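Chemist: Next up is a structure, given as structure tokens.
The values are calculated or read from the model by the stated rules, or taken from the named source; none is laboratory data. Owing to the predicted nature of the structure, the values given are computational and were not obtained by experimental measurement. When we count neighbours, we look across all protein chains shown, and the Cβ atoms used for this are built from the backbone with ideal geometry, even at glycine.
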Amino acid sequence: MRILIAEDDLSIAELVGGQLAGAGFVVERRSTGPEVWEEGEIGEYAAIILDLGLPGMDGLSILKRWRAAGVETPVLVLTARGSWMERVDGFDAGADDYLPKPFRPEELLARLRALLRRAGRSAAAPVARCGRFTLDEAARRVSFDGKPIDVSAMEYRLITYLMQNRGRPAPALDLALHVQGRDDDSAKNAIEAMVARLRRKTAADAFENRRGFGYLITDEPA
Ligand code: CA
């Protein structure tokens, strides 16, 4: 499940990103207002964590623009000030929940999960399909050719990421960043080992490796 973290404070972004990645979410981070606005509008996210004080364009304006443009992604607002007025403005602008700073990452995770559960009530949790893979996000289960396969949290994140990028090769370093939160050589090697392991659990041709471009799951029915 992809989450966008819109936060210009690097230490908070890293703390939150680490917590969410550890909980099995795929995390994208943006730190300036214009980038956040664009990414929230075009990217497909299960939820967005939005800091109100962003450089270039403030969070409330971004949120209003998203809602005006029909973006319905649940948004959890963060603010340094935590004033009542800001909170009211946030809800008026279309926020789904609100968390004043400072907060504990565990609390953010709990709020995010509650938000996703509420969002899931109005729309059934999607079961995604890509090629021979099926992903049940609610149950966090992966099937291959209709049979459930045993995957670790990291393997689950890797498959999710490739399914979201269907047909588009993802370089091993990108995968390392998304799956493990770092993009050094040892993380890259770990990704290669993970793909080899997943091929043994599924099929040798379940993951394509386009030399020089990266890994992908081809979206063709078996
Ligand atoms: Ca800020």
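Chemist: As an exercise: evaluate Gly56 against (1) within 16 Å of the ligand (Cβ to nearest atom); (2) surrounded by 19 or more Cβ atoms within 10 Å (Cβ to Cβ) and give the number of the one condition it does not meet.
Modeler: With (1) within 16 Å of the ligand (Cβ to nearest atom); (2) surrounded by 19 or more Cβ atoms within 10 Å (Cβ to Cβ) applied to Gly56, the lone miss is (2).
Chemist: Among the candidates Val26, Val75, Val36, Val88, single out the residue that is more than 20 Å from Thr160 (Cα to Cα) and at pLDDT below 90.
Modeler: Val88
Chemist: In the stretch 26-53, which residue that is part of a helix (DSSP H, G or I) and surrounded by fewer than 21 Cβ atoms within 10 Å (Cβ to Cβ) is nearest to the ligand (Cβ to nearest atom)?
Modeler: Among those residues, the one meeting the criterion is Gly33.
Chemist: Tell me, yes or no, whether the stretch 81-90 has at least one residue that is closer than 30 Å to Arg140 by Cβ, surrounded by fewer than 21 Cβ atoms within 10 Å (Cβ to Cβ), hydrophobic (A, V, I, L, M, F, W, C) and away from the ligand (no atom under 16 Å from the Cβ).
Modeler: Taking every residue of the stretch 81-90 in turn, none turns out to be closer than 30 Å to Arg140 by Cβ, surrounded by fewer than 21 Cβ atoms within 10 Å (Cβ to Cβ), hydrophobic (A, V, I, L, M, F, W, C) and away from the ligand (no atom under 16 Å from the Cβ).
Chemist: Moving on to the next point. Looking at Val77, is it in contact with a strand residue (DSSP E or B) (Cβ under 6 Å, 6 or more places away or on another chain), more than 11 Å from the ligand (Cβ to nearest atom) and under 13 Å from Ala95 (Cβ atoms)?
Modeler: Yes.
Chemist: Taking interchain pairs and intrachain pairs at least six residues apart, which have beta carbon atoms under 7 angstrom, with the first residue in the stretch 93-122 and within 16 Å of Gly17 (Cα to Cα) and the second hydroxyl-bearing (Ser, Thr, Tyr)?
Modeler: Lys101/Thr79
Chemist: Right, here's the next one. Scan the stretch 81-95 and give yes if some residue there is in contact with an Asp or Glu (Cβ under 8 Å, 6 or more places away or on another chain), assigned to a helix (DSSP H, G or I), at negative phi and not basic (Lys, Arg), otherwise no.
Modeler: Within the stretch 81-95, not a single residue is in contact with an Asp or Glu (Cβ under 8 Å, 6 or more places away or on another chain), assigned to a helix (DSSP H, G or I), at negative phi and not basic (Lys, Arg).
Chemist: Then there is this: Going through the stretch 7-44 one residue at a time, which ones are of a type in the set (A, V, I, L, M) and touching a Lys or Arg at 6+ places or on another chain (Cβ under 6 Å)?
Modeler: Listed by number, the residues that qualify are Ala13, Val26, Val36.
Chemist: Just to confirm my filter: which strands (runs of 3 or more DSSP E) fall fully inside the stretch 128-222 and include at least 3 residues that are not hydrophobic (A, V, I, L, M, F, W, C)?
Modeler: Correct list: 208-210.
Chemist: Of a type outside the set (Asp, Glu) and either surrounded by fewer than 18 Cβ atoms within 10 Å (Cβ to Cβ) or farther than 18 Å from Met1 by Cα (or both) - does that describe any residue in the stretch 159-167?
Modeler: For the stretch 159-167, residues of a type outside the set (Asp, Glu) and either surrounded by fewer than 18 Cβ atoms within 10 Å (Cβ to Cβ) or farther than 18 Å from Met1 by Cα (or both): present.
Chemist: Just to be sure I understand, how many residues within the stretch 1-17 are more than 12 Å from the ligand (Cβ to nearest atom), touching a residue at least 12 places away in the same chain (Cβ under 8 Å) and out of contact with any helix residue (DSSP H, G or I) (no Cβ under 8 Å at 6 or more places or on another chain)?
Modeler: So the count comes out to 1.
Chemist: Considering the stretch 54-72 alone, what residues qualify as being small (Gly, Ala, Ser), at pLDDT below 95 and in contact with a helix residue (DSSP H, G or I) (Cβ under 7 Å, 6 or more places away or on another chain)?
Modeler: Matches in the stretch 54-72: Ala69 only.
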